[in-house]
Each structure stands twice: as structure tokens, then as C-alpha cells.
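A.B. asks: Next up is a structure, given as C-alpha cells.
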Amino acid sequence: MRRLGPVLALVATLAASGCGDLGTGEQTERTDEPQFLSKQDVAEYAPDSPARTVVAWWRALQFESPDVAQRHYAAPVGMTRLKLARQLNYGPGLLNLEARPDVSDVIRFGDRATVFVLLTQIQRHPNGREERQRVARSFNLVLEDGEWKLSDNRYLNRITRVAKALVDAERRKQEREGNRQGPERERGR
């Protein structure tokens, strides 16, 4: 994970806008406003609903709690605390965990359900204008022992797979550059 630091910082910078300061304390660029879920936000959904499972899971991820988040997965997914902790190491910016999941629809079919959400990220501009970016996502659930559980980990797997590919590409690039510099150094001697 030590090698991931610089590349993930670059990816996170590209994924989310930062804030600038010219030494005056003034904000010069737009800034992300984290949209953290509260316990009250989770309580708005019925305890036995698929939507509540998704919202409670998202809150656990936002607060970097792999122990709590793991409880929201069905047994066949094979999710462990360690797997989730590794994925959470990519950071809330890259995983878009600062966005707020707004449940737009739930489709149930027997012991299965799909929860459709809009992940809303708010950015504030220096002039006070607010910009909302929304991304639609869906989460599949299954009824297990009377509780709704996530039946896969597609969301986190997809993001971490892309991040890992970027890290690997950067590592290969650095290795190629190192190999090119090696012979040049010898020729200069």
C-alpha cells in the first residue's frame, strides 16, 4: 500500500476538486462538501427494508467501519473485515463515499431486491454557488435469515479494480523510465 500513496493521491485529485488558497485564506477553487449520513437518516427507512440495509452499509463505509459494513453482506459473498479494510484504504474520495445515497426506487422480487440510488456530491464554489453532481447506482440484495443483505460487492470491486489498474500502469511506466535511464547513465561515464 505504500506504493499506492502517490498514485492514489493523483487519482483522488482527479476524482474530486480540491481547495486553493493564495495565502489570503480565500477559497480559490470549488470544494467538496461531504454528505455524511446520520443515524437519523438511516432510521428514516423501515428496519426490515432493503433500502435501510443499503443506507446503513453506506454509513458504515463513510465512517470507515469494516466491522459494521461486513454485517450487511450475505454469507455467499464471502466478505471479510480484512477485504473491506483493504478497499477502504483507497480513501473516501476515490470510493465516492462523501456522496449521499438518495434512494430513488426499490424493486422486490421474492427474496431478492434491487435498490436504486442517486449518489449526490455537493461542491461549493468561491462565489457561494452550489453544484450538485449525481450518479445513479444500483445495489442487489437477498433476504437471508429474515434480513436484507447485499448479494454482491460490485460497487467497491469495480472502483478498486480500476484504481489497482492505474497503480499497476504507473508502476510499469516508472519501471520503463528507470530502465531507459540506466543505459544512458552508463553511456555518460
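The values are calculated or read from the model by the stated rules, or taken from the named source; none is laboratory data. Since we're looking at a predicted model, the values are computed, not measured. In this analysis, Cβ positions are derived from the backbone assuming ideal geometry, glycine residues included, and neighbour counts consider all displayed protein chains. Side chains are part of the model used for accessible areas, which takes the heavy atoms of the whole protein and leaves out ligands, DNA and RNA. Shrake-Rupley method; radii C 1.70, N 1.55, O 1.52, S 1.80 Å.
A.B. asks: Residues to consider are T114, T53, T80; find the one that is touching a His at 6+ places or on another chain (Cβ under 6 Å), of a type outside the set (K, R) and under 18 Å from D152 (Cα atoms). Working first, answer last.
C.D. replies: Values: T114 fails: touching a His at 6+ places or on another chain (Cβ under 6 Å); T80 fails: touching a His at 6+ places or on another chain (Cβ under 6 Å).
The conditions single out T53.
A.B. asks: Where residues in region 35-44 are open to solvent by 60 Å² or more (accessible area, probe 1.4 Å) and assigned to a loop (DSSP other than H, G, I, E, B), which of them is modelled with the lowest pLDDT?
C.D. replies: F36
A.B. asks: Please determine whether any residue of region 49-59 is in contact (Cβ under 8 Å) with a residue 60 or more places away in the chain, out of contact with any Ser or Thr (no Cβ under 7 Å at 6 or more places or on another chain), surrounded by fewer than 20 Cβ atoms within 10 Å (Cβ to Cβ) and farther than 13 Å from F139 by Cβ.
C.D. replies: No, region 49-59 contains no residue that is in contact (Cβ under 8 Å) with a residue 60 or more places away in the chain, out of contact with any Ser or Thr (no Cβ under 7 Å at 6 or more places or on another chain), surrounded by fewer than 20 Cβ atoms within 10 Å (Cβ to Cβ) and farther than 13 Å from F139 by Cβ.
A.B. asks: Can we say T13 is at pLDDT below 75, open to solvent by 70 Å² or more (accessible area, probe 1.4 Å) and not acidic (D, E)? Walk me through it before giving the result.
C.D. replies: Working: at pLDDT below 75: yes; open to solvent by 70 Å² or more (accessible area, probe 1.4 Å): yes; not acidic (D, E): yes.
Yes.
A.B. asks: Same structure, new question: Has region 63-71 got at least one residue that is crowded, with 17+ Cβ neighbours inside 10 Å and either β-branched (V, I, T) or touching a residue at least 24 places away in the same chain (Cβ under 8 Å) (or both)?
C.D. replies: No, region 63-71 contains no residue that is crowded, with 17+ Cβ neighbours inside 10 Å and either β-branched (V, I, T) or touching a residue at least 24 places away in the same chain (Cβ under 8 Å) (or both).
A.B. asks: So G20 clears everything in (1) buried (at least 18 other Cβ atoms within 10 Å of the Cβ); (2) modelled with pLDDT under 90; (3) more than 17 Å from T160 (Cα to Cα) except one condition, right? Which one?
C.D. replies: (1)
A.B. asks: Having 2 or more residues that are open to solvent by 80 Å² or more (accessible area, probe 1.4 Å) and either of a type in the set (S, T, N, Q) or at pLDDT below 95 (or both) is the bar; report the strands (runs of 3 or more DSSP E) wholly within region 80-186 that clear it. It would help to see each step written out before you state the result.
C.D. replies: Details: elements: 100-109, 112-124, 130-144, 147-150.
Where strands (runs of 3 or more DSSP E) fall fully within region 80-186 and carry at least 2 residues being open to solvent by 80 Å² or more (accessible area, probe 1.4 Å) and either of a type in the set (S, T, N, Q) or at pLDDT below 95 (or both), they are 130-144.
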